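Enquirer: First the structure, then my questions, so here it is.
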Amino acid sequence: MVRSSNPPAEAAGTPAPRANPLLVGHETVEQMLRALLVAGRVPHALLLCGPPGIGKATFAFRLARFVLAQGGEVAADREPGKGLAIDPDSGVFRRVAGGGHADLLTVERAYDPRRRRLRSEIVVDDAREIAAFLRLTPAEDGWRVVVVDGADAMNRSAANALLKILEEPPRRALLLLVADSPGRLLPTIRSRCWHLPLAALRPEIVRHLLGYYRPDLDPTEAEAVVGLAGGSIGRALDLAASGGVELYRTILALLARPQGLDTAVLHGFADRMVRADAEESYRIVEELLSLLLARTALAAAQVSYAMPQAGLLAAEHAVVLRLHRRAPAAHWAELRDEIGRGFGRTNGLNLDRKQQLLGAFFAIERTAE
């Protein structure tokens, strides 16, 4: 069951996490969890955390399918070292993929059709559904599993409702909380969960997965996407689908001019980004500005990071070199946080997005004066 009004979560031609049989890069964690399940030692609540787009939700559903497929008990392991995959043609896999397994509840941010994006919070009614679901008798005489995808998006009331469940967890219930920013969760929730941190993917894994999902990409563009993705296949696919390489090229060109911003070109760029059909491009620009400022702060702190000698990211290198010498690392880091908060307020309160975008570029230029 899915407690959400989201449209199908299939981005850039990839299956939604609940329907995705492919998970690469987390094999060691899979094997560890399988061993714990066989030993009957998995806690009632797991917090899967790590950077966005690395497969956390896919991992959660992979674990949920494995547990549900076992029925009452996990049998003795005849294949030690194997992961958590089950047959994609099995009934459990198909029912989970379709959101129709009676012993699985998925809670996630709902889709706002008016604003054409996900809502900013998981609300208390969503969390209360968890308690009601866990009071039911399992339909298949096994486990009941709850996946909260985006648990760090719960508002205070929703978090308190979840906390009550964690304080007295029902028997044979497994709660899987997926969070990009676990620090946003209540400390009391974090303390009642077993933390399962998942690392960013290695570049070669992102490159492999990008080739699998997007074999049509030009090799030069694909390599630029890998360099911008920061170990996240989700981000890589978003960048590829939204023209992220060209957007970044435009951002770099705007900030590369020694004489400062060309305000006419900047206004034209901002006008394109705030059109009704450019929601995804605007979001990608937010992320790319944050990435550029993070790399500028690293350079100002004299911390090296991987920098190709040719192509798009070499152009980035030139901009970073221009900017980082003009202010200390702390200033660039503070500016990144300040601009991020500004975008958050603008999106949350539906403020003027063009003014926010212009303000971000002007603030970068002022810091570089």
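Coordinate-derived values only; no laboratory data. Remember, it's a predicted structure, so these values are computed and weren't measured experimentally. Here the Cβ is made from the backbone with ideal geometry for all residues, glycine too, and neighbour counts use every protein chain on show.
Enquirer: Under a Cβ-only charge scheme (Lys and Arg +1, Asp and Glu -1), can you give me the dipole magnitude of the chain about the Cα centre, in debye to the nearest 20? All intermediate terms of the calculation are to be shown ahead of the outcome.
Expert: Working: 46 positive and 43 negative charges, 141 e Å.
Rounded to the nearest 20 debye, it is 680 debye.
Enquirer: Where does the chain land on the Kirkwood hydrodynamic radius, alpha-carbon pairs, in angstrom?
Expert: Values: mean 1/r = 0.0450 Å⁻¹.
Value: 22.2 Å, from the Cα pair sum.
Enquirer: What net charge is computed for the residues neighbouring ARG326, neighbours being all others with C-beta under 13 Å from the C-beta of ARG326, Lys and Arg scored +1, Asp and Glu -1?
Expert: Values: positive: ARG322, ARG325, ARG366; negative: GLU365, GLU369.
With Lys, Arg at +1 and Asp, Glu at -1, the net is +1.
Enquirer: Rounded to whole Å, give me the distance from the Cα center of region 137-198 to that of region 220-290.
Expert: Spelled out, the Cα-based centre of one part sits 35 Å from the other.
Enquirer: Measure of size requested: the Rg and Dmax of region 258-361, with Cα atoms as the atom set and Å as the unit; please supply both.
Expert: Using the Cα atoms of region 258-361, the pair Rg, Dmax is 14.5, 41 Å.
Enquirer: Can you tell me which aspartates and glutamates have their Cα less than 15 Å from the Cα of LYS164? Leave out same-chain residues fewer than eight positions away.
Expert: ASP125, ASP126, GLU129
Enquirer: While we're looking at this one, here's another question. Angle check, please: helix 56-70 long axis (alpha carbons) against the longest principal axis of the chain (alpha carbons), in degrees 0 to 90, nearest 10.
Expert: 10
Enquirer: Just to confirm the number: angle between the C-alpha axis of helix 219-229 and the first principal axis of the chain, 0 to 90 degrees, nearest 10?
Expert: 70
Enquirer: How far apart, in nanometres, would the label points at ASP352 and GLU246 be if each is projected 7 angstrom from Cα along the Cα-to-Cβ direction?
Expert: 2.8
Enquirer: Now for a different question. Which loop trypsin sites (Lys or Arg not before Pro) in region 220-292, with loop taken from DSSP, have no more than 12 other Cβ atoms within 10 angstrom of their Cβ? Before the final figure, lay out the partial values.
Expert: Numbers: sites: ARG235, ARG249, ARG272, ARG275, ARG283; in loops: ARG275.
When the trypsin sites (Lys or Arg not before Pro) of region 220-292 are filtered for loop state and at most 12 Cβ neighbours within 10 Å, ARG275 remain.
Enquirer: On C-alpha positions alone, give me the angle between the axis of helix 124-135 and the longest principal axis of the chain, in degrees, nearest 10.
Expert: 20
Enquirer: Per the helix-only calculation at 222 nm, which mean residue ellipticity applies to the chain, given -39500 (n - 2.57) for every DSSP H run of n ≥ 4 and division by its residues, nearest 500 deg cm²/dmol?
Expert: On the way: 15 runs with 190 residues, N = 369.
Result for the chain: -16000 deg cm²/dmol, rounded to the nearest 500.
Enquirer: Let me ask something else about it. Report the Stokes-Einstein translational diffusion coefficient (µm² s⁻¹, integer) for region 2-197, Rh taken as the Kirkwood radius over Cα pairs, at 4 °C with viscosity 1.567 mPa s.
Expert: Numbers: Rh = 16.9 Å.
D, rounded to a whole number, is 77 µm²/s.
Enquirer: Sticking with this structure for a sec: Quick one: Karplus J couplings for region 147-158, per residue in order, coefficients 6.51, -1.76, 1.60, θ = phi - 60°, nearest Hz, x for Gly and Pro?
Expert: Rounded to whole hertz, the list is 10, 9, 8, x, 4, 6, 9, 5, 6, 4, 5, 5.
Enquirer: Between LYS164 and LEU36, how high is the FRET efficiency from 1/(1 + (r/R0)^6) when r is the Cβ-Cβ distance and R₀ = 35 Å? Nearest 0.05. The partial results should precede the final answer.
Expert: On the way: r = 26 Å, r/R0 = 0.74.
Rounded to the nearest 0.05, the efficiency is 0.85.
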